[in-house]
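Enquirer: Below is one structure. I have some questions about it.
The values are calculated or read from the model by the stated rules, or taken from the named source; none is laboratory data. Keep in mind that this is a model prediction, so the values were computed, not measured. Ideal geometry is used to build each Cβ from the backbone, glycine not excepted, and the neighbour counts take in all protein chains shown. These accessible areas exclude ligands, DNA and RNA; they are computed on the full protein's heavy atoms, side chains included. Shrake-Rupley method; radii C 1.70, N 1.55, O 1.52, S 1.80 Å.
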Amino acid sequence: MKIVLIDGQGGRIGSLLAARIKKEPFPDLTLIAIGTNATATTAMLKAGADSGATGENPVVVACRDADFILGPIGILSADSLLGEVTPAMAVAVGQSPAQKILLPVNRCSNHVVGVSEMSLSELADRAVDCVKELLSGGGNTSGKC
């Protein structure tokens, strides 16, 4: 199973996700950290990602055969994360056949209405629960996804 984490700026969301995912007994897991900048990539690698790369082309390549893509909702929006997400990155994420688990972070001009405010830690926990639920074949029965 290939999980791609995409994050930018300081990589805080991606590093929280990496640490929590690595605690789980996911079989045959490959956790790939793709940062929109080197700082984000380094943070995710320190948190436990198996490998990492930085920039637009690694996002495009990693999204082609990912099973899951995790990150802030801004990875679907060109020019978000203070301009770090390029149009090619947003298209690659959006067109990927992977299951996308997006954290509804209301920043950088992206606002998700109808979603309760949660801490980044709570959002990361929910994202990992969603991966577990989807892998078990449970679909969206618990409302975690």
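Enquirer: When the helix-only estimate is applied to the chain (DSSP H runs of n ≥ 4, each -39,500 (n - 2.57), divided by the residue count), what is the mean residue ellipticity at 222 nm, nearest 500 deg cm²/dmol?
Expert: That calculation yields -12000 deg cm²/dmol at 222 nm.
Enquirer: Please give the FRET efficiency for Arg12 paired with Asn57, using the beta carbon to beta carbon distance and R0 = 35 Å, rounded to the nearest 0.05.
Expert: 0.90
Enquirer: If amide H atoms are built 1.01 Å from N in the plane of the peptide, which residues on other chains or at least 5 residues away come under 5 Å of the amide H of Leu103?
Expert: Here the answer is Gly71, Ile73, since their amide H atoms fall under 5 Å of that of Leu103.
Enquirer: Once you put a point 7 Å from the Cα of Ser119 and another 7 Å from the Cα of Glu24, both along the Cβ direction, what distance in nm separates them?
Expert: It works out to 2.0 nm between the two label points.
Enquirer: Provide, for the chain, the number of lysine pairs with alpha carbons under 19 Å apart, each pair being eight or more places apart or on different chains.
Expert: So the count of such lysine pairs works out to 14.
Enquirer: Each residue of the stretch 33-45 in turn: what ³J(HN,Hα) in whole Hz from Karplus with 6.51, -1.76, 1.60 and θ = phi - 60°, glycine and Pro shown as x?
Expert: 9, 10, x, 7, 8, 5, 4, 5, 4, 4, 4, 5, 5
Enquirer: Still on this structure, please answer the following. What value does the chain have for Rg/Rh, both radii from Cα atoms and Rh as Kirkwood defines it?
Expert: With Rh from the inverse mean 1/r over Cα pairs, Rg/Rh is 0.93.
Enquirer: With a 1.4 Å probe and every protein chain kept in, tell me what percent of the accessible surface of the chain is carbon plus sulfur.
Expert: Here carbon and sulfur together make up 51 percent of the probe-accessible area.
Enquirer: A follow-up question, please. Evaluate E = 1/(1 + (r/R0)^6) for Asp79 and Ser136, where r is the Cβ-Cβ distance and R0 equals 30 Å; express this FRET efficiency to the nearest 0.05.
Expert: 0.25
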